[in-house]
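Notes to accompany the following structure.
The values are calculated or read from the model by the stated rules, or taken from the named source; none is laboratory data. Bear in mind the structure is a predicted one, so any value in this text is a computation, not a measurement. Heads up, the Cβs are rebuilt from the backbone with ideal geometry, glycines too, and the neighbour counts pull from every protein chain shown. Please note that ligands, DNA and RNA were not included when accessible areas were found on the heavy atoms of the full protein model with its side chains. Shrake-Rupley method; radii C 1.70, N 1.55, O 1.52, S 1.80 Å.
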Amino acid sequence: MKRLQVVLGHLSGRPEPGWALGLQAAPCSGSAPAAPSRAPADDIVVVHGRRTAIGKASRGGFKDTTPDELLAVVMTAVLRDVRLPPGELGDICVGNVLQPGAGAVMARIAQFLSDIPETVPLSAVNRQCSSGLQAVMNIAGGISQGSYDIGMACGVESMSLADRGNPGNITSRLVENSQARDCLIPMGITSENVAERFGISREKQDAFALASQKKAARAQSQGCFQAEIVPVTTTIQDNKGNEKSVTVSQDEGIRAGTTLEGLAKLKPAFKKDGSTTAGNSSQVSDGAAAILLARRARAEQLGLPILGILRAYAVVGVPPNIMGIGPAYAIPAALQKAGLTVKDVDIFEINEAFASQATYCVEKLGIPLEKVNPLGGAIALGHPLGCTGARQVITLLNELKRRGKRAYGVVSMCIGTGMGAAAVFEYPGP
Amino acid sequence: MSAAPGGGAQTLRTPGRHGYAVEFSPYLPGRLACASSQYYGIAGCGTLIVLEQNEAGIGHFRSFDWNDGLFDVTWSENNEHVLITCSGDGSLQLWDTAEATGPLQVFKEHTQEVYSIDWSQTRGEQLVVSGSWDQTAKLWDPAVGKSLCTFRGHEGVIYSTIWSPHIPGCFASTSGDQTLRVWDVKTSGVKIVIPAHQAEILSCDWCKYNENLLVTGAVDCSLRGWDLRNIRQPVFELLGHTYAIRRVKFSPFHASLLASCSYDFTVRFWNFSKPDPLLETVEHHTEFTCGLDLSLHSPTQVADCAWDETVKIYTPACLMNPP
């Protein structure tokens, strides 16, 4: 009889000295009915990630380097670091914004330059400034669907070489629809809109920008980016057309000497009497990043490291004319899916498209400033559009790893035409 | 150790009934409910015994019979007369102590023994959670005739389900599958699974002073404290019981004080913040001690019940001089 057996089972336990080793904590999807449940073996894990340094567009070390070259460097480095045979990849997804068709051709060329065989498929994705994160999510989706067990997510942008002003073929009827019309508002004006509507002062924006520069300068001087940056040897042309070889291994946008006084002197960049300046906006940049993702069981089978675990992702829509508020809506949505609160998260990597919108989001969510972009953000490092999301994931997980304890981190950004995306990662501990 | 506890135990005999759970009324000081079963709960019927304690001692207030063993009981948080019990036939019974007979309502949905029942103490909501050997927990609003929600995930029998006193809509459960799980009734979203012991976990409770802290008691004879913000390892481990821990409760009055009862016949009081955490071992039962509660009204009063057919109310010496 079951009850007797159960009670007898209770009497079988003996006290054990100390407490058993080998216990593992696992997040759970066990929950109310119909919720999909995922065993730890099916976790989507980040195995490894590398990025290039971020170059200053049109003036920096990558100004004459095509995006496929940047991409090939990081694709090659990631596979080499973990000694994964390239044929093991089930799919590749590359985030890109400015190349025609999100750079689908450019990316496939980069794949071949990286000696990844033609049997590995590839796609390109463009969700504006979250393209790099969207690539991560597309690969994660493929893994969780069971389409494959290992994939590579990348992001790349050459803002130096791309045509930035062309929105493509658009109907003249857009003037009749205010939301449609707002999709063409320059990003700088959306920043002014956020600053005005939510009262984010010039002083606040400059203070945020200064903090970004200081944090990035400190991180760079302490070598915090060393593990993630792959040095790139390439050529640049001077204004007489002479070529010269350079090796780029440091982010070029960081200005350690930034002061509040210096920032205060800058003229508004987008609007007379505005508050958004070149100093409190993200920089125009070139760069690439690549991330290897896997199903946990397969990663363990191959003996691959586990740098992070993807816990949740959310993307939301917001009004196009104040697109910068996206993270304020995406972050709570992603945290809710992960069953976490702001308090549970150690680091928020929130893309600094503009100090105005980043400040707004941080204040709106009540995030302590010390948890925000501890190594600086796009104001100091630069914002190579399609690369940024992937770059943030790499920077986040490396910083959590440096801190050496199990913790949660969030990657988030606003998205032109009115969206926000956020992903929650867990660093599982050393 | 104290064979005769500080306050001198008052004892009520429950002939032919073996105690599984005791709960103090949240409304009336000295009123106490005991869920009990015939034949050690292995077979036979069950009885809900409501007791009244005063200077003269403890006396019977009312008894209600059910035709299967009763394993747990919880008082209503919105009506001083109402309680719910759970039983071996998979049903819950809602009783009114103002009435002399019968359950007002019976909720029959679980397909196996229901081993735990708890009425939420938080806010306006009147929610009850039950945990069953059919491996599910169910959410109930007693005003609604059927369950609101079923929680699946445990891979063994559920022994314990307890609401968080702080986080609305959040409860914890423990199971024979060796895990402690934390659930949220509002989202069907991801919660936490903690492989808290390498043995069946018979009981858990939430700290009343720290919303992130839980304690588990298991067949491996250990109690472990868990901080939900870092679940990789326990924040404390309390060793001393010599057989499985049957129930554990945090003190409503002291942040770091808790009590546990066990198949080793003892009730032990612990202060997990002290280097020597075991405060006292009470050895006044002669059979498995299954029920335990700390009074909400008095910082010193404790009740327990055992398979020796007694319910005891007493003040342990360690609570006379609070930690």
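Evaluate the following for A:Q392: is it within 23 Å of A:R403 (Cα to Cα) and not β-branched (V, I, T)?
Values: within 23 Å of A:R403 (Cα to Cα): yes; not β-branched (V, I, T): yes.
Yes, satisfied.
Criterion first (at pLDDT 95 or above and more than 30 Å from A:V248 (Cα to Cα)) does A:G61 satisfy it?
Values: at pLDDT 95 or above: yes; more than 30 Å from A:V248 (Cα to Cα): no.
Against the criterion (at pLDDT 95 or above and more than 30 Å from A:V248 (Cα to Cα)), A:G61 does not qualify.
Contact annotation: residue pairs with Cβ atoms under 9 Å, 6 or more positions apart or on different chains, pairing a residue in the stretch A:268-286 that is over 15 Å from A:A207 (Cβ atoms) with a partner that is modelled with pLDDT under 95 and charged (D, E, K, R), are A:V284/A:R164.
Listed by first and then second residue, the pairs with beta-carbon distance under 6 Å, at least 6 apart or on different chains, first residue in the stretch A:133-158 and open to solvent by 10 Å² or more (accessible area, probe 1.4 Å), second assigned to a helix (DSSP H, G or I), are A:Y148/A:G142; A:D149/A:R298. For residues that are outside any helix (DSSP H, G or I) and more than 24 Å from the chain's Cα centre (by Cα), scanning just the stretch A:161-183, find the one that is nearest to A:L98 (Cα to Cα). The selected residue is A:N166.
Residue-level analysis places A:L397 outside the set of residues that are farther than 18 Å from A:I44 by Cα, in contact with a Leu (Cβ under 8 Å, 6 or more places away or on another chain) and surrounded by 23 or more Cβ atoms within 10 Å (Cβ to Cβ).
Quick check on A:K204: is it open to solvent by 60 Å² or more (accessible area, probe 1.4 Å), part of a helix (DSSP H, G or I), within 26 Å of A:A57 (Cβ to Cβ) and modelled with pLDDT of 95 or more? Full working, then the answer.
Numbers: open to solvent by 60 Å² or more (accessible area, probe 1.4 Å): yes; part of a helix (DSSP H, G or I): yes; within 26 Å of A:A57 (Cβ to Cβ): no; modelled with pLDDT of 95 or more: yes.
No: the conditions fail for A:K204.
Of B:T174, B:T179, B:T161, all but one fail to be within 11 Å of chain A (Cβ to nearest Cβ), touching a residue at least 24 places away in the same chain (Cβ under 8 Å) and not small (G, A, S); the exception is B:T179. Contact annotation: residue pairs with Cβ atoms under 8 Å, 6 or more positions apart or on different chains, pairing a residue in the stretch A:55-83 that is touching a residue at least 60 places away in the same chain (Cβ under 8 Å) and of a type in the set (F, W, Y) with a partner that is part of a helix (DSSP H, G or I) and buried (at least 20 other Cβ atoms within 10 Å of the Cβ), are A:F62/A:L70. Among the residues that make up the stretch B:201-210, is at least one of them without any contact (Cβ under 8 Å) to a residue 24 or more places away in the chain and either surrounded by fewer than 24 Cβ atoms within 10 Å (Cβ to Cβ) or facing chain A (nearest Cβ under 8 Å) (or both)? Within the stretch B:201-210, none of the residues are without any contact (Cβ under 8 Å) to a residue 24 or more places away in the chain and either surrounded by fewer than 24 Cβ atoms within 10 Å (Cβ to Cβ) or facing chain A (nearest Cβ under 8 Å) (or both).
Results for (1) within 16 Å of the chain's Cα centre (by Cα); (2) more than 14 Å from chain A (Cβ to nearest Cβ); (3) farther than 20 Å from B:Y314 by Cβ, shown as yes or no for each residue.
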position	(1), (2), (3)
B:P15	no, yes, yes
B:V22	yes, yes, no
B:S25	yes, yes, no
B:A33	yes, yes, no
B:N67	no, yes, yes
B:D72	yes, yes, yes
B:E99	no, yes, yes
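In this structure, is A:G409 open to solvent by less than 10 Å² (accessible area, probe 1.4 Å) and either β-branched (V, I, T) or under 23 Å from A:Q220 (Cα atoms) (or both)?
Working: open to solvent by less than 10 Å² (accessible area, probe 1.4 Å): yes; either β-branched (V, I, T) or under 23 Å from A:Q220 (Cα atoms) (or both): yes.
Yes; evaluated as a whole, the condition is true for this residue.
Do we find a residue being farther than 20 Å from A:E349 by Cβ and over 20 Å from the mean Cα position of the chain (by Cα) anywhere in the stretch A:122-140? No, the stretch A:122-140 has no match at all.
For A:Q336, the test of being open to solvent by less than 10 Å² (accessible area, probe 1.4 Å) and in contact with a strand residue (DSSP E or B) (Cβ under 9 Å, 6 or more places away or on another chain) is failed.
Can you confirm whether A:K401 is among the charged types (D, E, K, R) and without any contact (Cβ under 8 Å) to a residue 60 or more places away in the chain?
Values: among the charged types (D, E, K, R): yes; without any contact (Cβ under 8 Å) to a residue 60 or more places away in the chain: no.
The answer is no for A:K401.
Taken over the stretch B:134-145, the criterion of being of a type outside the set (A, V, I, L, M, F, W, C) and within 14 Å of chain A (Cβ to nearest Cβ) is satisfied by B:D134, B:Q135, B:T136, B:K138.
Just one of B:T281, B:T286 is farther than 20 Å from B:M320 by Cα and either open to solvent by less than 30 Å² (accessible area, probe 1.4 Å) or modelled with pLDDT under 95 (or both); which is it?
Exactly one residue qualifies, and that residue is B:T286.
Look through B:I192, B:I158 and report the one residue that is over 22 Å from B:V73 (Cβ atoms) and aliphatic (A, V, I, L, M).
Values: B:I158 fails: over 22 Å from B:V73 (Cβ atoms).
After ruling out the rest, the residue left standing is B:I192.
Scanning the stretch B:227-246 for residues that are at the interface with another protein chain (Cβ under 9 Å from one of its Cβ atoms), open to solvent by 70 Å² or more (accessible area, probe 1.4 Å) and under 26 Å from B:K191 (Cα atoms) returns B:R229, B:N230, B:R232, B:Q233. Residues that are open to solvent by 10 Å² or more (accessible area, probe 1.4 Å), modelled with pLDDT of 95 or more and of a type in the set (S, T, N, Q) do not occur anywhere in the stretch A:376-388. Could you tell me which residue of the stretch B:109-128 is surrounded by the fewest Cβ atoms within 10 Å (Cβ to Cβ), considering only residues that are farther than 24 Å from B:G41 by Cβ and not acidic (D, E)? Top of the filtered list is B:G124. Filtering the stretch B:101-128 to residues that are touching a Phe, Trp or Tyr at 6+ places or on another chain (Cβ under 6 Å) and away from chain A (no Cβ under 14 Å) leaves B:P103, B:D118, B:S120, B:V128. The residue list B:G153, B:G131, B:G88 contains one member that is within 14 Å of chain A (Cβ to nearest Cβ), surrounded by 15 or more Cβ atoms within 10 Å (Cβ to Cβ) and touching a helix residue (DSSP H, G or I) at 6+ places or on another chain (Cβ under 9 Å), which is B:G88.
Tell me, yes or no, whether the stretch B:213-220 has at least one residue that is under 17 Å from B:S164 (Cβ atoms), within 11 Å of chain A (Cβ to nearest Cβ), open to solvent by 10 Å² or more (accessible area, probe 1.4 Å) and modelled with pLDDT under 95. Among the residues of the stretch B:213-220, not one is under 17 Å from B:S164 (Cβ atoms), within 11 Å of chain A (Cβ to nearest Cβ), open to solvent by 10 Å² or more (accessible area, probe 1.4 Å) and modelled with pLDDT under 95, which makes the answer no. As a summary of the residue check, A:S191 satisfies the conditions (1) hydroxyl-bearing (S, T, Y); (2) over 21 Å from A:V372 (Cα atoms); (3) surrounded by 12 or more Cβ atoms within 10 Å (Cβ to Cβ) except for the one numbered (2).
Collect the residues in the stretch B:182-200 that are part of a strand (DSSP E or B) and either more than 11 Å from chain A (Cβ to nearest Cβ) or among the aliphatic types (A, V, I, L, M) (or both), keeping them in residue-number order. Residues satisfying the conditions are B:V182, B:I192, B:V193, B:I194.
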